[in-house]
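Read the structure below first, then the notes.
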Amino acid sequence: MRNQNCSPAAVLPRINIQFLNIRFIVFLLAAICFPQRPLAELPPQKPVWEPEIRAFESRDRIHPPPQNAILFIGSSAIRKWTTLAKDFPGIQVINRGFGGSEIDDSTAYAGRIIFPYHPRIIVLYAGDNDLAAGRSPDEVVAEYTNFVGVIHARLPQTRIVFVSIKASLSRWKLKNEIIETNKRIAAIHAENLAYVDVFTRMLGPDGKPRRELLLADGLHPDEQCYRLWASLIRPELN
């Protein structure tokens with residue numbers, strides 16, 4: 001609730017206001033009289049990902065990636081996208097997918113594998129592993145909004161494209177949680193944010209995941225699936 005005693009005299013009784021810059025006065029009064037929005041948090045970096053992150057950094061030193069490119073980041077669905085450059089001809093793309101990472105992991109390593117590239121667009125696929133690890137839709141949505149906060153605090157003009165959590169046979173038991181998470185992230189409308197629905201396009205006439213779009217593990221996309229994803233993502237890269 002707003003403080004009822006927020007006059008300059010009450011807040012700054014011992015300060016000679018005529019010697020203060022008016023912008024500082026406004027800032028100070030706002031800080032005292034109004035509640036502050038929570039700052040985006042940088043999650044801890046997990047030792048398990050260090051080998052992969054260091055490998056990225058090593059390659060970056062030898063072959064610096066382009067600035068202002070399209071950065072694809074997230075979990076193994078991105079890491080396994082080996083046809084990325086072919087699927088987006090004429091577009092400079094960077095692949096920084098790693099392991100079985102969760103959304104918080106991409107956030108944690110932003111200083112090492114996002115900010116140095118100054119990407120004009122970030123395509124994020126993550127959240128799948130989060131739900132499989134027992135996270136609730138609430139927690140996954142919170143991780144996503146935190147990712148957005150961290151990125152836009154440094155790169156406010158960078159467009160973030162969230163690729164919906166996919167439909168897969170091996171995790172079909174989580175379909176309700178996946179649908180709820182996707183629905184809630186899709187409902188977040190803000191400048192420089194976009195959502196791409198791949199989930200529904202991966203379903204067959206029976207309402208279940210199309211087997212031909214997945215590898216033998218029933219989890220990861222195959223080349224046909226990646227071509228489908230590319231066709232859905234490409235309009236968001238203009």
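So how long is each side of the range 167-219 along the principal axes, counting just the alpha-carbon atoms, biggest first, in Å?
38, 21, 18
Roughly how many Å² of residue 80 are accessible to a 1.4 Å probe, to the nearest 10?
Number for this one is 70 Å².
Among 175/208; 166/208; 183/208; 173/208; 46/175, which pairs are too far apart, with a Cα-Cα distance over 21 Å? Present the calculation step by step, with values, prior to reporting the outcome.
Numbers: 175/208 10 Å; 166/208 12 Å; 183/208 18 Å; 173/208 11 Å; 46/175 28 Å.
Over 21 Å apart, Cα to Cα: 46/175.
How big, on average over all directions, is the shadow cast by the Cα convex hull of the range 49-144, in nm²?
Spelled out: convex hull of the Cα atoms, projected over all directions, averaged, 6.2 nm².
Sorted by accessible area with a 1.4 angstrom probe, largest first, how do 112, 96 fall?
112, 96
P(r) for the range 88-238, please, calculated from all Cα pair distances in 10 Å bins and given in %.
10, 41, 38, 10, 0
Could you list, bin by bin from short to long, the percent of Cα-Cα pairs of the range 119-162 in 5 Å steps?
6, 22, 28, 21, 14, 8, 2
How big is the equivalent ellipsoid of the range 84-137 along its three axes, where each semi-axis is √(5λ) from the Cα gyration tensor, reported in whole Å from largest to smallest?
So the three semi-axes of the range 84-137 are 24, 15, 9 Å.
Working from the alpha-carbon coordinates of the range 46-92, get Rg over Rh, Rh being the Kirkwood radius.
Rounded to two decimals, Rg/Rh equals 0.99.
Would you kindly derive the ³J(HN,Hα) couplings of the range 206-223 from the backbone phi angles with the Karplus curve 6.51 cos²θ - 1.76 cosθ + 1.60 (θ = phi - 60°), listing them in order in whole Hz, with x for Gly and Pro?
Each residue of the range 206-223 in turn: 7, x, 10, x, 6, 4, 6, 9, 10, 5, 4, 6, x, 10, 8, x, 9, 4 Hz.
The values are calculated or read from the model by the stated rules, or taken from the named source; none is laboratory data. What you are looking at is a predicted structure, and each value in this text was computed from that prediction instead of being measured. Heavy atoms of the whole protein, side chains included, go into the accessibility calculation; ligands, DNA and RNA do not. Shrake-Rupley method; radii C 1.70, N 1.55, O 1.52, S 1.80 Å.
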